[in-house]
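The values are calculated or read from the model by the stated rules, or taken from the named source; none is laboratory data. Quick caveat, the model's predicted, so the values are computed rather than measured. Cβ sites come from the backbone with ideal geometry, for glycine too, and all protein chains shown count toward neighbours.
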Amino acid sequence: MNILIAILVLGVIAALFGALLGYASVRFHVEGDPIVEQLDALLPQTQCGQCGYPGCKPYAEAVANGEAINKCAPGGEDTIKKIADLLGVDVQPIDENHEQDDTSQSNRPKVAFIIEEDCIGCTKCIQACPVDAILGAAKQMHTILIDECTGCDLCVAPCPVDCIEMRPTPDTIQNWQWDLNKIAVKQVD
Amino acid sequence: MTDYALLLIGTVLVNNFVLVQFLGLCPFMGVSSRTETAIGMSFATTFVMTLASLLSYLVTTYLLAPLNLEYLTTMSFILVIAVVVQFTEMVVHKTSNSLYRLLGIFLPLITTNCAVLGVALLNLRLQHNFFESIIYGFGAAVGFSLVLIMFSAMREKLTNADVPTPFKGAAIAMITAGLMSLAFMGFSGLVKI
């Protein structure tokens, strides 16, 4: 008899609490996973796939599920910092493997450069250029409009004399960046 | 009234649950690496502990004691705590998603925080009345929060400190916790309960 009462009492408590939790789960229902939307908003939306995911949204979903936050090369350190703030994790340096595609030695974008002594004026690179950034005519020396060049590499392969190379954009007052993070700071106690 | 104030101070400082009674050590070590997380955890635990000690008092006094079912206390307390933790988890998920992600696995693990069950069982053993139970639970939670936040602040400083290699990480954290415990021994004798 005692055991029956004990079972009954525990059953009643459990049923009461179950009802409470059931009500709470309806009352405090959370729609979807808003974190993915927030992450997606932070990413640069270039859909470049350098992170190894097919686009920014899939990468945002992967980050929400615990993928490393440092794979977005176009976003750079700013994006990593924002994602770290949102998720409450530590800032990580950008992943080197995913950095190589658009920026190798330096973080600056590159533009094509024509070594003008070698140019034979074949116009093949002009046809390859998607943004008409190469100026020239048949049997005349060509040159690059640096302001137009997107650094896409497409003109390098067609050149028969290999006179085009990709060079980092030159430092000017406009694009100079103080790389203060690169200066080692040692904490003195 | 003075009794209640003394009970509160005594629970927070003199009989601190973490540093004097050594209850709830896993979240103390687990979520103390960042102050933000520690603060979130403190609020969640305070909520759970206070509510759990209140509910467990009600369950023992009005359900188990009249039916002579005192042997079911531990079991029903676990039930009460699990429900309160689940409830807290839902509320936190709804109100602050970032806090929910910060606390992660430690939020459901409040269920197994021995300090929470400890409060409920100690309430029973010390024969506290309704208000004393609530104050005892709240005081224990405040004490827990106090040392957790202090400890996390110290650990954040420690990550920048020049710690000898053999002591890096968990080792220095343990030593710090031990020193804090020693320091809290200084409070004994402040309040006689």
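Data table
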{"quantity": "Output for the stretch B:162-193, where each listed residue is more than 20 Å from the chain's Cα centre (by Cα) and hydroxyl-bearing (Ser, Thr, Tyr)", "calculated": "B:THR165"}
{"quantity": "Where a residue in the stretch B:68-86 is more than 7 Å from every other protein chain (Cβ to nearest Cβ) and its partner, wherever it lies, is not hydrophobic (A, V, I, L, M, F, W, C) and not in a helix (DSSP H, G or I), with Cβ under 9 Å and at least six apart", "calculated": "B:ILE81/B:ASN113; B:VAL85/B:ASN113"}
{"quantity": "Count of residues meeting criterion [of a type outside the set (A, V, I, L, M, F, W, C), in contact (Cβ under 8 Å) with a residue 24 or more places away in the chain and crowded, with 17+ Cβ neighbours inside 10 Å] in the stretch A:1-43", "calculated": "1"}
{"quantity": "Which listed residue is over 28 Å from A:CYS51 (Cβ atoms), surrounded by fewer than 16 Cβ atoms within 10 Å (Cβ to Cβ) and in contact with a Gly (Cβ under 6 Å, 6 or more places away or on another chain), from A:GLN140, A:GLN174, A:GLN187", "calculated": "A:GLN140"}
{"quantity": "Qualifying residue in the stretch B:141-158 (condition: closer than 30 Å to A:GLU37 by Cβ and not small (Gly, Ala, Ser))", "calculated": "no"}
{"quantity": "Residue in the stretch A:70-77 that is within 14 Å of chain B (Cβ to nearest Cβ) and modelled with pLDDT under 85 present", "calculated": "no"}
{"quantity": "Evaluation of B:PHE131 against (1) crowded, with 17+ Cβ neighbours inside 10 Å; (2) away from every other protein chain (no Cβ under 13 Å); (3) assigned to a helix (DSSP H, G or I) (one fails), failing number", "calculated": "(1)"}
{"quantity": "Condition check for B:THR45: of a type in the set (S, T, N, Q) and over 12 Å from the mean Cα position of the chain (by Cα)", "calculated": "no"}
{"quantity": "Identity of the residue in the stretch B:87-119, closer than 22 Å to A:ALA64 by Cα and touching a residue at least 60 places away in the same chain (Cβ under 8 Å), that ends up farthest from the other protein chains (Cβ to nearest Cβ)", "calculated": "B:LEU109"}
